[in-house]
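Colleague: Take this structure first; my questions come after.
The values are calculated or read from the model by the stated rules, or taken from the named source; none is laboratory data. Predicted model only: the values in this text are computed from it and were never measured. We place every Cβ from the backbone using ideal geometry, glycine too, and count neighbours over all the protein chains shown. The protein model used for the area step is the full one, side chains on, heavy atoms only, and it has no ligands, DNA or RNA in it. Shrake-Rupley method; radii C 1.70, N 1.55, O 1.52, S 1.80 Å.
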Amino acid sequence: HTRYIGDWSSDVCSSDLAEAVWSEVGDTARDLGNPWPVTWSVRTTGTRLEEALRGTTTAGDAAISEAVATLVEAVEYERYAPAGRTAAGDLAAPAAVLLTAMNEVAPRTTRWRARLLAPSLMRRRGRTVAAEDDRLAPTSS
């Protein structure tokens with residue numbers, strides 16, 4: 001289900017590019033069984049993703065940290081910058097780092113299940129992403 005990285009620029013208005021890339025990273029995370037609650041802020045989600053991938057991929061911690069920081073900054077800029085301004089920069093490279101890293105650390109059976117029966121593509125009617133994410137969020141005791 002993962003899109004070719006270059007596809008975003010042709011499908012999405014430049015003012016929505018960061019959101020589209022962030023959404024793809026989130027869908028991939030969910031498909032691979034990782035939490036991605038919409039109730040978390042972009043920054044919190046990025047931090048949790050970085051923590052989950054730290055020390056586990058061939059990309060290296062610095063590349064993971066840089067990729068997360070780049071995407072988080074771009075999404076926050078798109079959401080909160082004055083109208084008419086867009087985030088500058090290439091988002092395909094940091095997205096590729098994160099998508100590759102998430103696939104690299106997932107067990108083979110999980111990767112195959114994500115490819116063949118991606119939850120992000122097979123959501124039940126009437127069930128919202130928020131409802132799915134809330135069941136994945138850690139509960140406080």
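Colleague: For Leu116, Leu32, give the ranking by accessible area with the largest first, probe 1.4 Å.
Modeller: My answer, sorted largest first, is Leu116, Leu32.
Colleague: For the range 51-102, what is the accessible area per residue in Å², given a 1.4 Å probe and the full set of protein chains?
Modeller: In whole numbers, the range 51-102 has 53 Å² accessible per residue.
Colleague: Are there trypsin sites (Lys or Arg not before Pro) in the range 12-84 that DSSP marks as loop and that have at most 15 other Cβ atoms within 10 Å, and which are they?
Modeller: Here the trypsin sites (Lys or Arg not before Pro) that fit, given the DSSP loop and packing criteria, are Arg54.
Colleague: Determine, for each peptide in 20-29, 104-113, the mean count of other beta carbons within 10 angstrom over its residues, then list the peptides with the highest first. Please report the intermediate quantities before stating the final value.
Modeller: Details: 20-29: 21.5, 104-113: 13.0.
Ranked from most to least packed, the peptides come out as 20-29, 104-113.
Colleague: Tell me, what is the FRET efficiency for Tyr77 and Arg54 to the nearest 0.05, using R0 = 30 angstrom and their Cβ-Cβ distance as r? Intermediate results must be reported in sequence, preceding the final value.
Modeller: Values: r = 25 Å, r/R0 = 0.82.
Efficiency at R0 = 30 Å is approximately 0.75.
Colleague: Output wanted: per-residue J couplings in Hz (rounded whole) for the range 26-43, from phi through Karplus 6.51 cos²θ - 1.76 cosθ + 1.60, θ = phi - 60°, x for Gly and Pro.
Modeller: x, 4, 5, 4, 4, 4, 8, x, 9, x, 8, x, 5, 6, 7, 6, 4, 5
Colleague: Quick one: what are the phi-derived ³J(HN,Hα) couplings along the range 72-79, Karplus 6.51/-1.76/1.60 with θ = phi - 60°, whole Hz, x for glycine and proline?
Modeller: With the stated coefficients, the range 72-79 comes to 4, 4, 5, 5, 4, 5, 4, 6 Hz.
Colleague: Using the alpha carbons of the range 55-115, what is the convex hull volume per residue in cubic angstrom, as a whole number?
Modeller: Once divided by residue count, the hull of the range 55-115 is 97 Å³.
Colleague: Here is a further query. Quick one: Karplus J couplings for the range 96-113, per residue in order, coefficients 6.51, -1.76, 1.60, θ = phi - 60°, nearest Hz, x for Gly and Pro?
Modeller: With the stated coefficients, the range 96-113 comes to 4, 4, 6, 4, 5, 4, 4, 5, 5, 8, 6, x, 3, 5, 5, 4, 5, 4 Hz.
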